[in-house]
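In what follows, a single structure is set out as structure tokens and then discussed.
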Amino acid sequence: MKIIVFISELESDIQQQWLALIKQQLINETILLPHQISDTQAKSIDIAIVANPNPNDLARYTDLIWIQSLWAGVEKLTSGILNKSVKLVRLIDPQLAQTMAESVLAWTLYLQRNMAEYAQQQASKRWNQLPCISSNELRVSVLGAGTLGSAALNALNKLEYQLSCWSRTPKQYHDIKSYSDFNGLKIMLGKTDILINLLPLTQQTHHLLDKELLSELPKGSKLINFSRGAVIDTHALLELLEIGHLSHAVLDVFEQEPLASSDPVWSNPKITVLPHISAPTNMHTASEVVGNNIKMYRENNVIPKSVDIKQGY
């Protein structure tokens, strides 16, 4: 039986937890860490399981056929895989999509019901009842309509928001307005009260939400970013919050993580800071997905749907 290499930059105890769970799913496989593999053995390895590794660490495995990521986000690998013929499979876990949908719904309600403003009022001991718009009057738009975006839209739809979505390729929904090109994006933003970003980070989406596009949002709009920090131009966001064009932002992701203690975002009263917790990977369900993917490959020589390296997802 061939060796599978497990490559990560995880803390040792977390790495061992992952290894134990994956080995339970793949009892007939030998899964080793890089330091346990000789140079000769490395040349015959066809599968790597990875958790946000340095892409250069993959160069040793010259016969690699495909890489299974433990994360849904794979932008670090898409820009760094040395052998472009190697297939990259990101984690597609129904539990992850459900967790993201729960977070999107929770923080949409947080913004809808003025919870950030009430927290500030409590801190200053002010008793002031703020107006609240009903769900069916609130225009909520989601950027990204893939696995995570679709799950989020389904969750939001149950509360009858006025829903829209934007994606690179056209989507069709029965009761959700969809847009797919740049002009459509501008049109959608102009009709949005709460914008939720779930776009993957690619060359095309890097700082996509710049000052020009964020300014298309109506005055007083609010923003949630649950994908990657670099999709938004933070300087533009801060400027639009400062002048009052945008009223609040919930940020779970940042270009530098952890967020530096000196970063002014921490103390901005119009920003809610979260420590990248909107959709944590569930080790148990993810290990089952990874195990099933590798079993399918061994039995049928079928590689799960892989990432389009040029598109970045």
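The values are calculated or read from the model by the stated rules, or taken from the named source; none is laboratory data. The structure displayed is predicted, hence computed values, not measured ones. Neighbour counts run over all protein chains shown; Cβ positions are idealised from the backbone, glycine included.
Determine, yes or no, whether Lys219 is surrounded by fewer than 18 Cβ atoms within 10 Å (Cβ to Cβ) and either more than 25 Å from Gln121 (Cβ to Cβ) or modelled with pLDDT under 95 (or both).
no
If you check Phe226 against the conditions, is it among the aromatic types (Phe, Trp, Tyr), surrounded by 17 or more Cβ atoms within 10 Å (Cβ to Cβ) and out of contact with any strand residue (DSSP E or B) (no Cβ under 7 Å at 6 or more places or on another chain)?
Numbers: among the aromatic types (Phe, Trp, Tyr): yes; surrounded by 17 or more Cβ atoms within 10 Å (Cβ to Cβ): yes; out of contact with any strand residue (DSSP E or B) (no Cβ under 7 Å at 6 or more places or on another chain): no.
No; evaluated as a whole, the condition is false for this residue.
Could you pull out the residue among Leu159, Leu153 that is surrounded by 23 or more Cβ atoms within 10 Å (Cβ to Cβ) and either within 20 Å of Glu216 (Cα to Cα) or hydrophobic (A, V, I, L, M, F, W, C) (or both)?
Leu153
Looking at (1) surrounded by fewer than 17 Cβ atoms within 10 Å (Cβ to Cβ); (2) outside the structural domain of Ser85 (by TED's automatic domain parsing), which one does Lys295 not meet, given that it meets all the others?
Answer for Lys295: the failing condition is (2).
Sort out for me the strands (runs of 3 or more DSSP E) sitting completely within region 64-161 that have 1 or more residues that are of a type in the set (Gly, Ala, Ser).
Filter on region 64-161 gives 66-69, 139-143.
Yes or no, residue by residue, for (1) within 30 Å of Ile14 (Cα to Cα); (2) over 16 Å from the mean Cα position of the chain (by Cα); (3) at pLDDT 95 or above:
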{"site": "Leu208", "(1), (2), (3)": "no, no, yes"}
{"site": "Ser215", "(1), (2), (3)": "no, yes, yes"}
{"site": "Asp233", "(1), (2), (3)": "no, yes, yes"}
{"site": "Glu239", "(1), (2), (3)": "no, yes, yes"}
{"site": "Gly244", "(1), (2), (3)": "no, yes, yes"}
{"site": "Phe254", "(1), (2), (3)": "yes, no, yes"}
{"site": "Thr285", "(1), (2), (3)": "yes, yes, yes"}
